[in-house]
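The block underneath contains the structure these notes are about, expressed in structure tokens.
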Amino acid sequence: MLEEFIENGADIDDIRGAAMKIAEARPMMASVFRLANDLLFNLEDMQSVDGALRFIERFVEEMEVSAQRVTDQASQLVAESGTVMTHSFSSLVKETVLKSLESNPSLRIICTESRPKNEGVKFAQALCEAGAETILVTDAAAGYMCKRADMLLLGADGIGSFGLVHKTGSYPLSLVAKENGIPTVVLAGREKIWPFKLERVVEPPKPAGEIAEKGCFERVNLYFDTTPLKFIDRVVTEIGILDRNRIEALSKETPLHPLLASE
């Protein structure tokens with residue numbers, strides 16, 4: 001972590017290099033990219049490495065406050081639904097659902113298995129143990145079950161002018177939702193918004209052995225897909241419930257540091 005790196009005697013140049021490496025190592029996680037990006041912009045004004053440490057601490061604290069505000073707003077929206085479709089495991093989605101249950105105990109949640117890691121199974125178990133009526137479905141049946149929902153509720157690894165990056169399968173689910181008049185709602189603090197000049201993010205290769213043993217076929221294992229913003233109805237942020245036009249505007253307001261422009 002950057003905090004440990006700084007505490008072990010790094011100077012400003014070391015921090016700059018570490019920020020670039022972190023942004024490159026976790027390209028699909030917008031909050032990590034934004035931390036590196038924003039830190040790089042502020043390094044020149046910092047008098048010491050202690051300033052960098054304080055910056056990181058504030059960034060993390062603001063993320064925690066942001067998450068609580070997103071949950072508070074989103075739970076009111078979710079509680080008005082009867083059945084909510086989810087995909088993968090999102091801490092924001094989990095906390096939102098749990099809070100929604102306080103005012104709507106009959107809320108029903110549909111969870112996907114979310115292969116290849118099956119984090120959706122863990123998600124379903126957590127909600128079930130909390131008292132939610134929970135249904136776990138295979139990824140192959142997700143489209144069929146989505147048609148039974150009142151809302152498609154997704155977390156976000158990141159969102160930008162090019163779309164929402166989230167667990168593979170989010171894109172086809174959003175298509176099913178749109179075709180059936182079901183709103184797609186995304187939960188994302190502003191730290192999840194990529195700079196507008198970042199036109200795309202590239203996912204590093206994932207272990208092919210997670211999906212099948214080696215054979216005479218090519219194995220493609222992807223953890224993420226990108227859903228165009230036109231299929232997103234609402235994005236719940238700490239500053240309110242926004243449409244895609246407002247998300248694009250916030251993206252345009254976020255500069256991209258030149259050192260990360262080629263990442």
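Okay, residues lined up against (1) at pLDDT 90 or above; (2) farther than 28 Å from VAL202 by Cβ; (3) part of a helix (DSSP H, G or I):
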{"residue": "ILE15", "(1), (2), (3)": "no, no, yes"}
{"residue": "ILE22", "(1), (2), (3)": "no, no, yes"}
{"residue": "LEU35", "(1), (2), (3)": "yes, no, yes"}
{"residue": "ASP50", "(1), (2), (3)": "no, yes, yes"}
{"residue": "GLN68", "(1), (2), (3)": "yes, yes, yes"}
{"residue": "ALA74", "(1), (2), (3)": "yes, yes, yes"}
{"residue": "SER100", "(1), (2), (3)": "yes, yes, yes"}
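Quick test for you: out of MET28, MET46, pick the one residue that is closer than 26 Å to VAL201 by Cβ and not assigned by TED's automatic domain parsing to the domain that holds LEU101.
Numbers: MET46 fails: closer than 26 Å to VAL201 by Cβ.
Within the list MET28, MET46, the selection yields MET28.
In this structure, does HIS257 turn out to be in contact with a Leu (Cβ under 9 Å, 6 or more places away or on another chain) and not assigned by TED's automatic domain parsing to the domain that holds LEU77?
On the way: in contact with a Leu (Cβ under 9 Å, 6 or more places away or on another chain): yes; not assigned by TED's automatic domain parsing to the domain that holds LEU77: yes.
Yes, satisfied.
Here GLU80 meets each of (1) farther than 24 Å from LYS117 by Cβ; (2) assigned to a helix (DSSP H, G or I); (3) modelled with pLDDT of 85 or more with one exception, condition (2).
Here ARG115, ARG190, ARG148, ARG200 are screened, and the one residue that is under 30 Å from PHE59 (Cα atoms), basic (Lys, Arg), over 14 Å from the mean Cα position of the chain (by Cα) and not assigned by TED's automatic domain parsing to the domain that holds ALA25 is ARG200.
Rundown of residues vs (1) part of a loop (DSSP other than H, G, I, E, B); (2) in contact with an Asp or Glu (Cβ under 8 Å, 6 or more places away or on another chain); (3) without any contact (Cβ under 8 Å) to a residue 40 or more places away in the chain; (4) β-branched (Val, Ile, Thr), yes/no style:
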residue: VAL201; (1), (2), (3), (4): yes, no, no, yes
residue: PRO204; (1), (2), (3), (4): yes, no, no, no
residue: GLY209; (1), (2), (3), (4): no, no, yes, no
residue: ALA212; (1), (2), (3), (4): yes, no, yes, no
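One residue alone among ALA142, ALA156, ALA188 is within 30 Å of PHE41 (Cα to Cα) and in contact with a His (Cβ under 8 Å, 6 or more places away or on another chain), and that residue is ALA156. Within the stretch 244-253, does at least one residue satisfy the condition of being out of contact with any Phe, Trp or Tyr (no Cβ under 9 Å at 6 or more places or on another chain), of a type in the set (S, T, N, Q) and modelled with pLDDT under 95? Within the stretch 244-253, not a single residue is out of contact with any Phe, Trp or Tyr (no Cβ under 9 Å at 6 or more places or on another chain), of a type in the set (S, T, N, Q) and modelled with pLDDT under 95.
Taken together, GLY181, GLY215, GLY240, GLY209 contain a single residue that is closer than 19 Å to SER114 by Cβ and in the same structural domain as PHE162 (by TED's automatic domain parsing), which is GLY209. Is it fair to say GLY131 is over 28 Å from ASN245 (Cβ atoms) and part of a loop (DSSP other than H, G, I, E, B)? So GLY131 fits the description; yes. Taking the stretch 214-239 as the range and being under 24 Å from LEU260 (Cβ atoms) and in a helix (DSSP H, G or I) as the test, only LEU229 passes. Listed by first and then second residue, the pairs linking a residue in the stretch 246-262 that is in contact (Cβ under 8 Å) with a residue 40 or more places away in the chain to a residue that is among the polar types (S, T, N, Q) and in a helix (DSSP H, G or I), with Cβ atoms under 7 Å apart and 6 or more places separating them unless they lie on different chains, are LEU256/ASN37; HIS257/ASN37; LEU260/ASN37.
The values are calculated or read from the model by the stated rules, or taken from the named source; none is laboratory data. Note that the structure is predicted; figures quoted are calculated from it, not measured. Heads up, the Cβs are rebuilt from the backbone with ideal geometry, glycines too, and the neighbour counts pull from every protein chain shown.
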